[in-house]
1. Filter region 155-185 down to the residues that are over 16 Å from Gly89 (Cα atoms), buried (at least 18 other Cβ atoms within 10 Å of the Cβ) and touching a Gly at 6+ places or on another chain (Cβ under 8 Å) and list them by number.
2. Would you mention how many residues in region 50-83 are surrounded by 13 or more Cβ atoms within 10 Å (Cβ to Cβ), out of contact with any helix residue (DSSP H, G or I) (no Cβ under 7 Å at 6 or more places or on another chain) and outside any strand (DSSP E or B)?
3. The conditions are (1) part of a loop (DSSP other than H, G, I, E, B); (2) touching a helix residue (DSSP H, G or I) at 6+ places or on another chain (Cβ under 6 Å), and Lys26 fails exactly one of them. Which is it?
4. Just a yes or no: is a residue in region 15-34 under 19 Å from Ala112 (Cβ atoms), modelled with pLDDT of 95 or more, touching a strand residue (DSSP E or B) at 6+ places or on another chain (Cβ under 6 Å) and of a type in the set (Gly, Ala, Ser)?
5. Considering region 121-137 alone, what residues qualify as being on the phi > 0 side of the Ramachandran plot and of a type in the set (A, V, I, L, M, F, W, C)?
6. Given Arg45, Arg18, which one is among the basic types (Lys, Arg), in a loop (DSSP other than H, G, I, E, B) and touching a residue at least 12 places away in the same chain (Cβ under 8 Å)?
Amino acid sequence: MIKNDRWIRRMSLEHNPRMVEPFEEKQVRKGCISYGVSSYGYDIRIADEFKIFTNVNNAIVDPKLFDSKSFVDFKGEVCIIPPNSFALGMSVEYFRIPRNVMTICVGKSTYARCGIITNVTPFEPEWEGYVTLEISNTTPLPAKIYANEGIAQVLFFESDEAPEVSYKDKKGKYQSQVGITLPKI
């Protein structure tokens, strides 16, 4: 069952350790792309560190042997993603997903309406860490991404039964990730 704002607040304010840190218990909207608790989710922010894709080395994108030189590191309040390219970023928030919960993360409509797509895989039961986000600029023009503002919404689904094996149990390769994490095998 999808969880609502009251459940998200309870899991993030009363649980120790907290499910989301730092936690905004109301949606912040004034003068920014919104973030914080919404009716049935939590709008996460993107931090001010980015890895912007570049093809200056004519590398081949290979998830089994990813060349980190395919990115230019950038830190700042506004990231410009080149036309028809992408950047990686990370969430401001650190997540600790309970054993009987799974999430789906979708991009915010403000960016989607500009041709900017945010891609994040589900947060599996007992996964924890900062979220690595892929932001694609599908347009033929440069696109701005605003650091420390909303980028995507996390929807939480709670099961009445915990899984036999959680992400933590199987020692998932992205467990407790810190910073922008590149593909691993």
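The values are calculated or read from the model by the stated rules, or taken from the named source; none is laboratory data. Predicted model only: the values in this text are computed from it and were never measured. So basically every Cβ, Gly included, is an ideal-geometry build from the backbone, and we count neighbours across all protein chains shown.
1. Phe156
2. The total comes to 3.
3. Condition (2) is where Lys26 drops out.
4. Yes, there is a match, as at least one residue in region 15-34 is under 19 Å from Ala112 (Cβ atoms), modelled with pLDDT of 95 or more, touching a strand residue (DSSP E or B) at 6+ places or on another chain (Cβ under 6 Å) and of a type in the set (Gly, Ala, Ser).
5. Within region 121-137, no residue meets the criteria.
6. Answer to the selection: Arg18.
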